[in-house]
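Undergrad: Structure incoming, see below.
The values are calculated or read from the model by the stated rules, or taken from the named source; none is laboratory data. Nothing here was measured: the structure is a model prediction, and the numbers come from that model. Positions of Cβ are generated from backbone atoms using ideal geometry, with glycine treated the same way; all protein chains shown enter the neighbour counts.
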Amino acid sequence: MPAFKETKVLVYYEAFKNHVGFYPTAAPIVRFEEELKASGLTFSKGAVQLPLTGVWPEALLIQMIAYRQEVAGVKVLCS
């Protein structure tokens, strides 16, 4: 599965027929659960489904990646 990696894997992603799978691990999903619910995205314990059409919640995704960087102990690449 493709991934973005610094010293550790930060997030995985995968393209599917009807969505893009975004896998930031469980910690960011737990931390941003309310925001994910408000966004209307489908998500589970370790995955978020991003629709192929429409607008993705970029600010939320950036926050989740930054949080994952913090949890993984790697330098912050986005803010």
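Undergrad: Taking segment 1-12 as the region of interest, how many residues are in a loop (DSSP other than H, G, I, E, B) and in contact with a helix residue (DSSP H, G or I) (Cβ under 7 Å, 6 or more places away or on another chain)? Can you show your working first?
TA: Start the filter on segment 1-12 by keeping residues that are in a loop (DSSP other than H, G, I, E, B), which leaves 1-2, 6-8.
Going one step further and asking which of them are in contact with a helix residue (DSSP H, G or I) (Cβ under 7 Å, 6 or more places away or on another chain), we end up with 8.
Residues meeting the conditions: 1.
Undergrad: Then there is this: Scan segment 29-45 for residues that are under 14 Å from Tyr67 (Cβ atoms) and surrounded by 13 or more Cβ atoms within 10 Å (Cβ to Cβ) and jot them down. Outline the logic, then answer.
TA: Of segment 29-45, the ones under 14 Å from Tyr67 (Cβ atoms) are 29-36.
Passing the criteria: Ile29, Arg31, Phe32, Glu35, Leu36.
Undergrad: Another question, if that's okay. Looking only at residues in segment 47-64 that are of a type in the set (Val, Ile, Thr) and within 18 Å of His19 (Cβ to Cβ), which one is modelled with the highest pLDDT? Full working, then the answer.
TA: In the first step, residues of segment 47-64 are kept if they are of a type in the set (Val, Ile, Thr); the result is 48, 53, 55, 62.
Filter once more, keeping what is within 18 Å of His19 (Cβ to Cβ): 48, 53, 55.
Working: Val48: 98, Thr53: 91, Val55: 89.
The selected residue is Val48.
Undergrad: Within segment 47-62, count every residue that is among the small types (Gly, Ala, Ser) and surrounded by 15 or more Cβ atoms within 10 Å (Cβ to Cβ).
TA: Start the filter on segment 47-62 by keeping residues that are among the small types (Gly, Ala, Ser), which leaves 47, 54, 59.
Those still in the list that are surrounded by 15 or more Cβ atoms within 10 Å (Cβ to Cβ) too: 47.
Going through segment 47-62 one residue at a time, the tally reaches 1.
Undergrad: Turning to a different aspect of this structure: Filter segment 13-28 down to residues that are in a loop (DSSP other than H, G, I, E, B) and within 11 Å of the chain's Cα centre (by Cα) and give me whichever is surrounded by the most Cβ atoms within 10 Å (Cβ to Cβ).
TA: Restricting to residues being in a loop (DSSP other than H, G, I, E, B) and within 11 Å of the chain's Cα centre (by Cα), the top hit is Pro24.
Undergrad: If I ask for residues that are under 18 Å from Tyr12 (Cβ atoms) and either small (Gly, Ala, Ser) or in a helix (DSSP H, G or I) (or both), which ones from segment 32-62 would you list?
TA: Passing the criteria: Leu36, Ser44, Gly46, Ala47, Leu60, Leu61, Ile62.
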